[in-house]
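The values are calculated or read from the model by the stated rules, or taken from the named source; none is laboratory data. A quick note: this is a predicted structure, and the numbers were derived from the prediction, not measured. Cβ coordinates were reconstructed from backbone atoms using ideal geometry, including for glycine residues, and neighbour counts include every protein chain displayed. To get the accessible areas, we keep the full protein, side chains included, count just its heavy atoms, and leave off ligands, DNA and RNA. Shrake-Rupley method; radii C 1.70, N 1.55, O 1.52, S 1.80 Å.
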Amino acid sequence: QVQLVESGGGLVQAGGSLRLSCAASGRTFSGYAMGWFRQAPGKEREFVSAISQAGSTTYYTDSVKDRFTISRDNAKFMVYLQMNSLKPEDTAVYYCAASQRSGYYMKNGNSDYWGQGTRVTVSS
């Protein structure tokens, strides 16, 4: 198992930027594909982005391509989501996620471990 703790959420105006961080426990961080999901009020949890174990492959949902960038630092047991050009539609609770399978598995809406979430609010 792995413990995931997100940070970096907050209130930002449309067009602004935020960087979310996720700190993972354990010594097997490099064995997990990592990702981010989000859940807007009244909606189901949605895949946002994922990154493979070695960081060589990334995935994004269409609505965030060219605006968000996922990265990881295996030496620090950290994963990040840089969010630029934020839109009100990005408002949601963002969850860090981990899977021992693959980033592709996560792109299809699956994960094995979840953080507690960090709230992002984008105002007009």
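Below are the figures for this structure:
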| read-out | value |
| --- | --- |
| Rounded FRET efficiency, nearest 0.05, which uses the C-beta distance separating Thr121 from Asp73 and R0 of 25 Å | 0.40 |
| Heavy-atom surface of the chain, accessible at 1.4 Å and reported per residue (Å²) | 51 Å² |
| Segment 1-48 - percent of accessible surface contributed by carbon and sulfur, probe 1.4 Å | 46 percent |
| Relative contact order [Cα under 8 Å, 6+ residues apart], segment 41-124, whole percent | 30 percent |
| Nonlocal Lys pairs with alpha-carbon distance under 23 Å, the chain (8 or more apart, or different chains) | 6 |
| CD proxy at 222 nm, helix term only [per DSSP H run n ≥ 4: -39500 (n - 2.57); per residue of the chain; nearest 500] | -1000 deg cm²/dmol |
| Cα-centre dipole for the chain with unit charges at Cβ (Lys and Arg positive, Asp and Glu negative), debye to 20 | 160 debye |
| Inverse mean reciprocal Cα-Cα distance (Kirkwood Rh) of the chain, Å | 14.0 Å |
| Nearest-10 value in Å² for the accessible area of Lys87, using the 1.4 Å probe | 90 Å² |
